[in-house]
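K.L.:
Okay, here's the structure, questions in a sec.
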Amino acid sequence: MYNKLIISATGLDRKGIVSDISRIISDFKGNIETSRMVRLGEQFSLLILIVIKTEKIDSLTKALNEIDKLNFSIFSTKSTKNNYNKSFQIFINGADNEGIVYSFTKYFKNEPINIEEVNTSIENAPMSASPLFMMHLIVSSDKDLIKNDTFLDGLNNLADKLGVGIEIDKY
């Protein structure tokens with residue numbers, strides 16, 4: 001029997017960390033299905049979904065926990081589908097200020113939307129080198145958000161209030 005596991009880890013970044021983790025998963029015949037890995041400051045963080053034989057979970061867990069200076073959390077999960085069959089990507093960018101992520105996610109909370117993924121970053125604007133906030137979201141819905149004028153009006157009003165640009169496309 002096979003299980004799906006979510007593996008998360010955080011620790012001091014170093015050369016070869018991804019290779020070490022993926023080698024251990026491979027040694028136990030685990031298959032990485034989805035992963036997100038990122039360096040944040042001097043720390044490295046990852047989130048991985050794997051499939052592995054049930055009888056290998058304890059050995060895998062032990063081997064991963066032997067990696068120096070990394071803290072692991074491992075959870076069993078199941079594949080599920082949400083009822084939202086349409087996917088969209090939303091791009092938000094503008095001057096960096098506090099509360100942008102909260103403001104948009106609060107707006108989405110009251111809509112028929114499931115947030116699938118959020119990525120944010122700060123980049124220097126090309127001409128002025130002032131901080132430019134960038135957010136990319138992947139969301140799903142049972143409605144066509146691009147044709148939903150009420151949703152788009154609210155989204156554009158929020159973007160104007162926060163002084164950011166917004167673009168939404170099918171994903």
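K.L.:
Can you tell which of 111, 98 is loosely packed, with under 13 Cβ neighbours inside 10 Å, of a type outside the set (A, V, I, L, M, F, W, C) and at pLDDT below 95?
P.N.:
Working: 111 fails: loosely packed, with under 13 Cβ neighbours inside 10 Å.
On inspection, the qualifying residue turns out to be 98.
K.L.:
I would also like to ask the following. Considering only residues of segment 118-147 that are in a loop (DSSP other than H, G, I, E, B) and either closer than 22 Å to residue 102 by Cα or small (Gly, Ala, Ser) (or both), which is modelled with the highest pLDDT? Write out each step before concluding.
P.N.:
Start the filter on segment 118-147 by keeping residues that are in a loop (DSSP other than H, G, I, E, B), which leaves 125-130, 142-144.
From what is left, the residues that are either closer than 22 Å to residue 102 by Cα or small (Gly, Ala, Ser) (or both) are 125, 128-130.
On the way: 125: 76, 128: 78, 129: 76, 130: 82.
Out of the qualifying residues, it is 130.
K.L.:
Right, here's the next one. Kindly provide the set of residues from segment 15-44 that are among the charged types (D, E, K, R) and either more than 24 Å from residue 58 (Cβ to Cβ) or touching a residue at least 40 places away in the same chain (Cβ under 8 Å) (or both), ordered by number. Quick ask: steps written out before the conclusion?
P.N.:
At the first step, the residues of segment 15-44 found to be among the charged types (D, E, K, R) are 15, 20, 23, 27, 29, 33, 36, 39, 42.
Listed by number, the residues that qualify are 15, 20, 36, 39, 42.
K.L.:
Report yes if residue 73 is on the phi < 0 side of the Ramachandran plot, of a type in the set (Gly, Ala, Ser), exposed (fewer than 11 other Cβ atoms within 10 Å of the Cβ) and outside the structural domain of residue 25 (by TED's automatic domain parsing), otherwise no. Spell out the reasoning first.
P.N.:
Working: on the phi < 0 side of the Ramachandran plot: yes; of a type in the set (Gly, Ala, Ser): yes; exposed (fewer than 11 other Cβ atoms within 10 Å of the Cβ): yes; outside the structural domain of residue 25 (by TED's automatic domain parsing): no.
It is false that residue 73 is on the phi < 0 side of the Ramachandran plot, of a type in the set (Gly, Ala, Ser), exposed (fewer than 11 other Cβ atoms within 10 Å of the Cβ) and outside the structural domain of residue 25 (by TED's automatic domain parsing).
K.L.:
Can I ask one more? Specify which of the listed residues (166, 113, 74) is within 30 Å of residue 23 (Cβ to Cβ) and in contact with a Leu (Cβ under 9 Å, 6 or more places away or on another chain).
P.N.:
Working: 166 fails: within 30 Å of residue 23 (Cβ to Cβ); 113 fails: within 30 Å of residue 23 (Cβ to Cβ).
Only one candidate qualifies: 74.
K.L.:
While we're looking at this one, here's another question. Looking at segment 19-69, which of its residues are assigned to a helix (DSSP H, G or I), under 30 Å from residue 122 (Cα atoms) and not aliphatic (A, V, I, L, M)? Step through it out loud before you land on a result.
P.N.:
Step one: list which residues in segment 19-69 are assigned to a helix (DSSP H, G or I), which gives 19-27, 54-65.
Subset that is under 30 Å from residue 122 (Cα atoms): 19-22.
Correct list: 19, 20, 22.
K.L.:
Next question. I'm trying to understand the selection: among the residues of segment 27-72, which are within 17 Å of residue 12 (Cβ to Cβ) and among the polar types (S, T, N, Q)? Walk me through how you get there before you give the answer.
P.N.:
Step one: filter segment 27-72 for residues within 17 Å of residue 12 (Cβ to Cβ), giving 37-46, 64-72.
Within segment 27-72, 43, 45, 65, 71 meet the criteria.
The values are calculated or read from the model by the stated rules, or taken from the named source; none is laboratory data. Bear in mind that the values here come from a model prediction, so they are computed numbers and not experimental data. Virtual Cβ from ideal backbone geometry, glycine too; neighbours counted across all protein chains shown.
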